[in-house]
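None of the figures in this text is laboratory data; all of them are computed from the coordinates on show. In this text the structure is predicted, and so the values were computed from the model without any measurement. Neighbour counts are summed over all protein chains in view; Cβ atoms, including those assigned to glycine, are modelled from backbone coordinates with ideal geometry.
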Amino acid sequence: MGSKLPKLEERLGEDRISQLPDDVLARILSLLDNTVLAVQTTILSKRWKDLWKSISFIRLGDVSIDVVDDRFMTLVDSVVTYHGSTDILKFHLSYNNDGTRDDMLADDYICIRRWICTVVQHNVAELHLNLFNLEGNEQEFPFLIPECLFMCTTLVALKVDSNSICFSNCPIEGCFPRLKVLYVDIDDSDQVSRKSLENLFPCFPVLEELTIRGAIFESNINISAPELKTLRMNCRYCDSVVFFINAPKLENLDLMDDSFLPNEYHFKNGRSLIKVKLTLQHDNYAFEADDRADHATALFAQISNIEDLSLSLEGLYVSYLPEFVKLSQLVLVLHGFNYWEFLIECLRRCPNLKHLILELKDNKWRGTDDKLEWKFSNPHQCPACLVSHLQTISIKGFKGQQDEMDVAQFLLKNGVVLNTMSIYTVSEGLLSTKKYLRTELLKHVGGSKSRVIWAD
């Protein structure tokens, strides 16, 4: 007779994972995409029964959960309530109510507030809240942030993405004593958080990175943060918002304004700024042209001492720009058709520019009968930076159109100290071969030692 079949354990091999120390296993469970998976490991063996209670990263709710139900609420309640004595360093919660639980919304919010208070007691350092009421009942049932979170002494990073969270009970003093990173994405279209946003931003003693996204209407937003170094603002369809920013150590500003500056931005201390990225879009917004020009001119005047500028613009006039004496690098994103006159005038306002990056977006061929002329005309006077400072040029989205060739040739011919011109062609729509285009461009190298590098 043949030998007996080997035992299951022998066939599968030794279970080395279960032999790891508890703290190592808890660390592994903390890395799972959803804590639900960590709880499910209790069925493996008695060895795994209580391991999930020691995890330091609780993540509940994801894109696969479309509707909040009793099972979900019970699960979250169990995970938070029965967690062991170890710290909960990270807590991420997604709650999306599609309207089916309106009759239980108040009870759900009580549970969520209790969960937040519990993780605060467990020394939470990072908290992400994604709370949405999808049936437009956010004004009737706003979620009030528990006061214990404002006073939490261990919280370092907070991310809030919601259409129903209210910060109206934010203390005037002493809030967020150790918070360094704050991300707030608020939909203020139903005026739920308008006043509460004004209460949220007045003072952050150690905040270093702040991101504000959302649609905010007719508000005065005061941001006071003595240690703030990075500020990102994405104003989606905002209407007449005035931002007062007091951040003496602010170095990096990333501003996107979808409505082309109906908003005002006032920096009490703007001389510390080093790097600024501005994305201004024009969507035929019903806003007075004179006011738009005033807002744009005032904004640029406050950032005239920066060293690194990125501009993505539509409908912006060069007359809005001041002289950028300290500017070393300029990224210019040109949309629809190439604003070559704008480019030259912009270079004139950057006398010490060393690095230029041009990104050609949605560039289309335009004939001479178009109102917006596509041709490039050599300026009578060459910008000073080309003669004395400009060392590298990158052109992205290059198709080989005549206006693009003319601009590249002008820059090569007049770039006295230019070292490198890098050209990134498009994957489709290139009008000629790279070899031919390169040959044409090198005819106009002039006296510089520049070399053209082609890339896909």
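The table below lists the values:
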item	result
Local net charge near Gln329, Cβ-Cβ under 14 Å (Lys/Arg +1, Asp/Glu -1)	+1
Cβ-Cβ FRET estimate between Glu428 and Glu251, R0 fixed at 41 Å, reported to 0.05	0.60
Charge context of Ala225, other residues only, Cβ under 11 angstrom, K/R +1, D/E -1	0
Stretch gain in nm, segment Val181-Val387, where the contour uses 0.36 nm per residue and the Cα spacing is subtracted	69.9 nm
Spacing of the two label points (7 Å from each Cα toward its C-beta) at Asn419 and Val318, in nm	2.7
Linear extension gain, Lys159 paired with Glu147, 0.36 nm per residue minus alpha-carbon span	2.7 nm
FRET efficiency, Ala106 to Val242 (Cβ-Cβ, R0 41 Å, nearest 0.05)	0.70
